[in-house]
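Novice: Shown below is the structure under consideration.
Here, each number is a calculation from the coordinates, and none is a lab measurement. These numbers were taken from a predicted model, which means no experiment stands behind them. Here Cβ is always computed from backbone atoms with ideal geometry, including for glycine, and neighbour counts include all displayed protein chains.
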Amino acid sequence: MSLYRWPADTPNPLVDIPGITSLQAELLNNRGVQIEDVAAFIKPDYSQHLHDPLLLHDIEPACERVEKAIDDVERIAIFADYDCDGIPGAVVAHDFFTAAKHTNLIMYIPHRHYEGFGLSVSAVEKLHKQNVQLIITIDCGSTDVAAVERANKLGIDVIITDHHEPGDVLPAAIALVNPKLGDYPFPDLCGAAVMFKLAQALITRRSYDLVPGYEKWWLDMVGVATVADMVPLQGENRVLAHFGLQVLRKSRRPGLQQLLKKAKANQINLTEEDIGFAIGPRVNAASRMDTPEDAFHLLIATTIEEASERVEHLEQLNQSRKTAVALMTKELHKRMEQLEEIPAVIVLGNPEWRPSLVGLAANKLAEEYSRPAFLWGRDGNGVIKGSARSGGSTSVVTLMRAVPDIFLEYGGHHVAGGFAVTDAGIHSFGAALNQAHADLGEAAFVKEEIIIDTELRLEDVNQLLINEIKTLAPFGANNRKPLFAFKDVIPSSVEQFGKTKEHLKLQFGTENGQREAIAFFATADSYSAVPTVGNKLTLLAHVEQSFFMGRAQIRMMIVDVL
């Protein structure tokens, strides 16, 4: 059962700020927004609230080397990670060099299954054979010491743009542009944002015959990456996500328009949730199921015809991903049924499974059995890799730290993690994790409270409330969606809906008409208490406005029933 923290009855220093409502003051205070930051949070300003890109570590040598490459028409390789941060970042790089009229460009996005994460020695050697003189990494490279050393020996210069934690030894690159190095005021940018800042810096040094502010059109990709990569949506990221969504809503990219059309997402009213449910999974499907360049080429497509073809291909990949995960989940259920006793930590795998897909199945299994699930497969190089999901209050990272000798590598956070296991370790993997779970006892658990923002009445759920909430959007990491409590409400109906009745809907009668609360892939017994017609309950829910199929609807999204 989840732990909930109800609003404390303490003075709120934000209530007297002109221009914000009492609810907005409460929501802002609950998120730790200080008085001096309220104006920037409510109304981000592009010119005032973004930091100077020239403050980034190594930005000047990076700009000088790019300018030389453009002047000398050198062959440049953009080496981008394969996820929904690296690929949008690669699009930003492509757009900059296209605007700068530099066409001697190679795009290299490593194959997730066969090459793995980061700049590799083999990739550098491939690019050397293609006469590349400069490599620019996006969303990777900060720890790739050996690959950069190999590039240097082959006479290839490397500029790293990245946001990951640097190692103790830095690669000997021409420039290492990373907000976590040096004195940059905001360390939490995503990879695509770092590439955008490099493009910004380049444009401040030369005009490239671009009208002032032209680079703002590239913010659609920065917005996608900032939301999809789940970096903290505060400070500079809030500005980038805010304006990124504005550009997304009017983006002229045919690929993006066709992708949203296929996903039945309304571009004009696009939200951060559409990035999470419509754009992100389809971009990531390319690397999970096939080649990541498929997503890149979709996003840079210039015609409706090309975009439509690429969207169809990406949609097929996404459907294949869903099918593969469904088959994996079916096999997992069969294997779970054969167990005499369900262990405290579920550890299952299959050498035929793609490691890129097991995290999706692990999430389903962990949620279903309310315990940690560690699933593994074998990658294209024969390495056993997998993903872990918590499924409750157990920390998967704490479990892995307890048995480090089993792993080649591991990382993540309390709720989700990734790992690679030695061939010998795979045989004792499950037993070791379960023993660690038993030995750790309470130390294996993380008691994370879910904060309830305030109590509301069902009659408060209206357009005015939506408008107040929107001022705090976009929501995500470090800016959670507002959670409201509706006490002593009585459902007039409790029903399942959908093609296979897989979704739950509660309806409530009020003096202002019917109010509806729904939950996808849930049943009445999914919560702390079972809702029944005619009986009082406390509903914990988010409030949102949906534009599905072009129809505006205000609804509550069920989090729990008490």
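Novice: If R₀ is 22 angstrom, what is the calculated FRET efficiency for the pair residue 545 and residue 450, using the beta carbon separation as r and rounding to 0.05?
Specialist: Efficiency, rounded to the nearest 0.05: 0.45.
Novice: As a check on your grasp of the helix formula, calculate [θ] at 222 nm for the chain: sum -39500 (n - 2.57) over DSSP H runs of n ≥ 4, divide by the residue count, round to the nearest 500.
Specialist: -11000 deg cm²/dmol
Novice: Under 28 Å from the Cα of residue 153, which lysines turn up, not counting those fewer than eight places away in the same chain?
Specialist: 68, 126, 129, 180
Novice: Separate question: In nm, what is the difference between 0.36 nm times the number of residues separating residue 153 and residue 369 and their Cα-Cα distance?
Specialist: Length gained, residue 153 through residue 369: 72.5 nm.
Novice: Let me ask another. If you keep only loop residues by DSSP, which chymotrypsin sites (Phe, Trp or Tyr not before Pro) in region 97-205 have at most 11 other Cβ atoms within 10 Å of their Cβ?
Specialist: Passing both the DSSP loop test and the Cβ count: 114.
Novice: Could you give the size of the charge dipole of the chain about its Cα centre, using +1 on the Cβ of each K and R and -1 on the Cβ of each D and E, expressed in debye and rounded to the nearest 20?
Specialist: Using only the charged Cβ atoms, the result is roughly 1360 debye.
Novice: Here's another thing I want to ask about it. Return the lysines within reach of residue 499: Cα separation strictly under 19 angstrom, same-chain partners fewer than 8 residues apart disregarded; answer none if there are no such residues.
Specialist: 264, 322
Novice: I would also like to ask the following. Measure up 262/505; 216/250; 505/536 against 20 Å on the Cα-Cα distance and list the ones that go over.
Specialist: The answer is 262/505.
Novice: On a full-extension model of 0.36 nm per residue, what is the gain between residue 496 and residue 45, subtracting their alpha-carbon distance, rounded to one decimal in nm?
Specialist: The span from residue 496 to residue 45 would gain 157.9 nm if fully extended.
Novice: Determine ³J(HN,Hα), in whole Hz, for all residues of region 419-426 in sequence, where each value follows from phi through the Karplus function 6.51 cos²θ - 1.76 cosθ + 1.60 and θ = phi - 60°; x replaces Gly and Pro.
Specialist: With coefficients 6.51, -1.76 and 1.60, one gets 7, 10, 10, 5, 4, 6, x, 5 Hz.
Novice: Using mean Cβ contacts within 10 Å as the protection proxy, how do 391-402, 6-17, 305-316 order, highest first?
Specialist: For the peptides 391-402, 6-17, 305-316, the packing ranking is 391-402, 305-316, 6-17.
Novice: To the nearest 10 degrees, how steep is helix 191-205 against the longest Cα principal axis of the chain, on a 0 to 90 scale?
Specialist: The two axes meet at around 50 degrees.
Novice: Sticking with this structure for a sec: Under the rule of at least 5 residues apart or a separate chain, name every residue whose amide H is placed under 5 Å from the amide H of residue 135.
Specialist: Counting only residues 5 or more places away or on other chains, the set is 77, 157, 158, 159.
Novice: Hey, another quick one. How big is region 204-335 in terms of Cα radius of gyration and Dmax, in angstroms?
Specialist: Every Cα atom of region 204-335 included, Rg and Dmax give 16.7, 62 Å.
Novice: Next up: May I ask you to evaluate 6.51 cos²θ - 1.76 cosθ + 1.60, the Karplus curve with θ = phi - 60°, for each residue of region 496-512 and list the ³J(HN,Hα) values in order in whole Hz, giving x for glycine and proline?
Specialist: 9, 9, x, 4, 10, 6, 8, 10, 10, 9, 10, 10, 10, x, 9, 5, 9
Novice: Let me ask you something else. From the square roots a ≥ b ≥ c of the eigenvalues of the alpha-carbon gyration tensor of region 53-223, which class results: rounded (a/c under 1.5), prolate (a/b over b/c), or oblate?
Specialist: Cα axes put region 53-223 in the rounded bin.
Novice: Convert each backbone phi in region 553-562 into a coupling constant with the Karplus relation 6.51 cos²θ - 1.76 cosθ + 1.60 (shift: θ = phi - 60°), then list the ³J(HN,Hα) values in order as whole Hz, x for Gly and Pro.
Specialist: 8, 9, 8, 9, 10, 5, 9, 7, 10, 10
Novice: Over all directions, the average projected area of the alpha-carbon convex hull for region 285-437 comes to how many nm²?
Specialist: Convex hull of Cα atoms, orientation-averaged projection: 9.7 nm².
Novice: Same structure again: Check which residues have an amide H placed less than 5 Å from residue 475's amide H, if you skip close sequence neighbours.
Specialist: Counting only residues 5 or more places away or on other chains, the set is 272.
Novice: Whose amide H sits under 5 Å from the amide H of residue 450, counting only residues 5 or more places off or on another chain, with H placed in the peptide plane?
Specialist: Counting only residues 5 or more places away or on other chains, the set is 3, 4, 5.
Novice: Would you kindly state how much longer the chain becomes between residue 60 and residue 510 on full extension, computed as 0.36 nm times their sequence separation minus their alpha carbon distance, in nm to one decimal?
Specialist: Answer, rounded to one decimal: 155.8 nm.
Novice: Let me ask something else about it. Suppose we keep just the DSSP beta bridges with both residues in the chain; what percent of those would be antiparallel, to 5?
Specialist: Counting DSSP beta bridges with both partners in the chain, the antiparallel share is about 60 percent.
Novice: For region 171-232 and region 367-390, what is the centre-to-centre distance using only Cα atoms, to the nearest Å?
Specialist: Each part's Cα centre sits 33 Å from the other's.
Novice: Largest first and in whole Å, what are the equivalent-ellipsoid semi-axes of the chain based on the Cα gyration tensor, each being the root of 5 times an eigenvalue?
Specialist: 39, 31, 23
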